[in-house]
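This report refers to the structure that appears directly beneath it.
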Amino acid sequence: MEPKEKIILTGDRPTGRLHIGHYVGSLRRRVELQNSGLYDKIFIFEADAQALTDNIDNPEKVRQNVIEVALDYLSVGLDPQKSTLFIQSQIPELTELSFYFMDLVSVSRLQRNPTVKTELKMRNFGESIPVGFFTYPISQAADIAAFRATTVPVGEDQEPMLEQCREIVRRFNNIYGDTLVEPNILLPENAACLRLPGTDGQAKMSKSLGNCIYLSDTADDVAKKVKTMYTDPTHLQVSDPGHLEGNTVFTYLDAFATDEQVSRLTSDYATLQEMKDHYTRGGLGDVKCKKLLTAVLQETLEPIRQRRAEFEKDIPAVYEILQRGCEVAREAAAATMDSVRRAMKINYFDDHALIEEQARRFAKV
Ligand code: TRP
């Protein structure tokens, strides 16, 4: 269906505090989109029901992280006046839509979803894959379709999810008539932002690897983590030529540093490229590079920490923001469900033509 409004929807599973990988990969972009004025509605949500699909025996983890992620959202600058912040489990319409979407997807199509494949491998479910986990792409499609999202800003790992959502929406519209909106994915702007490696150089930041820099880390934590960061193991002497590829410090600089910062915070370089050239020629030590990175990260994170501290002073107010967001979100999803029920012909009680038709059919002459 041709969308009438430009609507953003995206979210995160509340299974841990958010880190700077989330920041460059999506949060920073969300705030820009929010403040661009180009969108009619913005929905940002915590996918707690999805988080439970592989944490069903640990609901406390999800419960604790709902408030952490809400604080992360607010502290990066998501503004409840402009963006609806809400929690997935509180919107029963999403479960309802998922149930109907389940009939539009085959088991083998789900088995082919590359993200599901990788995640199943990572989690070692063996023969005991929870059905809810296996089918979460369907629930995710419902999240997107229920809000008539046109634009879904997410990381590249979510590409198969979006593709699957588009297929489901197309199939729905083919069968039931033009009702739902096909969403577009919006990927991060550069490679460094697509997947920020961990501080140890591993491909991904992950809590279990202990290689994350969190948005809520103190300035001290951040400085310490940068000091021990992985660089170039062949760069032993300052005079040795250094390598940029796989060098976490430079990957982070690519993701975070502007040339303005490089020239202001170092006395030697006007651009990041000049600094990189010096590093690869030889003669530039890791300590200097790390000093710049620390300064850049602190400039990014300090305002976030300050805002977080403000919101932490009134936690009940944060829950109220979420509760109000859930009310707004629920209304939007309910409106979509009305048209879904009408399209699927399961709107028995407000279909007066149906009732009259049946009355005539059964009328004894
Ligand atoms: N799967 C996403 C993640 O793990 C979270 C999510 C759930 C989501 N539903 C969504 C993201 C809908 C975008 C749109 O990060």
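Points to keep in mind about this one:
- Calculated diffusion of region 107-265, Stokes-Einstein form, Kirkwood radius summed over Cα pairs, 25 °C and 0.890 mPa s, µm²/s: 129 µm²/s
- Centroid-to-centroid, using Cα positions, region 260-315 and region 130-198 are 34 Å apart.
- Computed from the alpha carbon positions, the gyration tensor of region 201-254 leads to an equivalent ellipsoid with semi-axes of 23, 13, 9 Å, biggest first.
- When the surface is traced with a 1.4 Å probe over the full set of protein chains, Ile304 keeps roughly 10 Å² accessible.
- The angle between the Cα long axis of helix 272-281 and the main principal axis of the chain comes to about 50°, on a 0 to 90 degree scale.
- More than 16 Å apart - percent of Cα-Cα pairs taken over region 305-346: 56 percent
- Region 50-157: proportion of alpha-carbon pairs further apart than 19 angstrom, %: 56 percent
- Debye intensity ratio I(q)/I(0), log10, region 23-104, q values 0.14, 0.20, 0.22 Å⁻¹ (C-alpha model): -0.59, -1.01, -1.09
- Taking amide H atoms as placed 1.01 Å from N in the peptide plane, the amide H of Asn184 lies under 5 Å from those of Thr151, Val152, each 5 or more residues away in sequence or on another chain.
- When the P(r) of the chain is calculated, the portion above 35 Å amounts to 34% of the C-alpha pairs.
- The residues packed around Asp40, meaning those with a beta-carbon under 12 Å from its beta-carbon, carry a net charge of +4 if Lys and Arg are +1 and Asp and Glu are -1.
- Computed on the chain, with alpha-carbon pairs under 8 angstrom and 6+ residues apart, the relative contact order is 21 percent.
- For the chain, size of Cβ-based charge dipole, Lys and Arg +1, Asp and Glu -1, in debye: 460 debye
- Placing Tyr100, Tyr230 in order of accessible area, with the largest value first and a 1.4 Å probe, yields Tyr230, Tyr100.
- Equivalent ellipsoid semi-axes - Cα gyration tensor, region 219-310, angstrom: 24, 15, 10
- Accessible surface computed residue by residue for region 1-92, with neighbouring protein chains in place and a 1.4 Å probe, gives 41 Å² per residue.
- Per residue, in Å², the accessible surface of region 219-310 once ligands and nucleic acids are set aside, probe 1.4 Å: 52 Å²
- Accessible area per residue (1.4 Å probe, heavy atoms of protein chains only) ranks Arg308, Arg171, Arg123 as Arg171, Arg123, Arg308, with the largest value leading.
- With DNA, RNA and ligands ignored, accessible area of Ser267 (1.4 Å probe; Å², nearest 10): 120 Å²
- Highest mean first, the peptides 247-253, 79-85 sorted by other C-beta atoms within 10 Å per residue fall in the order 247-253, 79-85.
- When nucleic acids and ligands are ignored and a 1.4 Å probe is applied, Thr228 ends up with an accessible area of around 110 Å².
- The accessible surface of region 60-174, taken with every protein chain in place and a 1.4 Å probe, is 49 percent carbon and sulfur.
- Ranking His243, His235 by solvent-accessible area of protein heavy atoms (1.4 Å probe, all protein chains present), from largest to smallest, gives His243, His235.
- Rounded to 10°, Cα long-axis angle of helix 136-146 versus longest principal axis of the chain: 70 degrees
The values are calculated or read from the model by the stated rules, or taken from the named source; none is laboratory data. This is a predicted model, so every value here is computed, not measured. With ideal geometry, Cβ positions are generated from the backbone for all residues, glycine too; neighbour counts draw on all protein chains shown. Remember, those area values only see protein heavy atoms, side chains included, never the ligands or the DNA or RNA. Shrake-Rupley method; radii C 1.70, N 1.55, O 1.52, S 1.80 Å.
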